[in-house]
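The values are calculated or read from the model by the stated rules, or taken from the named source; none is laboratory data. Keep in mind the model is a prediction, meaning the values are calculated, not measured. Cβ sites come from the backbone with ideal geometry, for glycine too, and all protein chains shown count toward neighbours. With ligands, DNA and RNA removed, areas are computed over all heavy atoms of the protein, side chains included. Shrake-Rupley method; radii C 1.70, N 1.55, O 1.52, S 1.80 Å.
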Amino acid sequence: MSSGPIVRHARREDVPAILELIRELADYEHELSSVEATEEKLLSTIAFAPSSSTSTVPSAQETESTSSSKPARCLILLSPEGTPAGIALYFYNYSTWRARPGIYLEDLYVKQTERKKGYGKRLLVELAKEVVAMEGGRLEWSVLKWNEPSIKFYESIGANMMSEWVGMRVDGEGLNKLATLLD
């Protein structure tokens, strides 16, 4: 095997490992019962790299195109032994004030047994490289208020907490209600 970890865009055959990591993340966040993801849903909503890809340098150009029904990309980090150790699920966003694209990191997760090895930082570095390469304006994400270890880690790499913003969400029945509000 290689001497260090490998980060690459996920391939279709990585989906079982991706789902396992999503479930581990949900369990860590005390939300395992909220996971609706299945292998089939992941296969239909993530833009994957081809199975034949041998690139060890993540490049969004080598993946399927994103679209409204397939908006996400996923970086997977393989340990030196070749086992999945972490993921970064992300999608593209846009800054109206800057008139520039960016990346929104939906989820970053490194297996608990693989932490303190620089893997989370490596995934974030690869995403930052992609934002810089596309002449983007920012890389952003959310973190749970109680997750102090992650907040300290993010601040240590230069992230700033956006205390002036409050997250908003409409989902489930509320989303259906909003969609028909003016009918």
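One table, with the values for the structure above:
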| read-out | value |
| --- | --- |
| Subset of the stretch 13-38 (residues that are in contact (Cβ under 8 Å) with a residue 24 or more places away in the chain and either surrounded by 15 or more Cβ atoms within 10 Å (Cβ to Cβ) or of a type in the set (Ser, Thr, Tyr) (or both)) | Asp14, Val15, Ala17, Ile18, Leu21, Ile22, Glu24, Leu25, Tyr28 |
| Listing of strands (runs of 3 or more DSSP E) fully contained in the stretch 40-157 that carry 1 or more residues being open to solvent by 60 Å² or more (accessible area, probe 1.4 Å) and in contact with a strand residue (DSSP E or B) (Cβ under 8 Å, 6 or more places away or on another chain) | 84-95, 100-110, 138-141 |
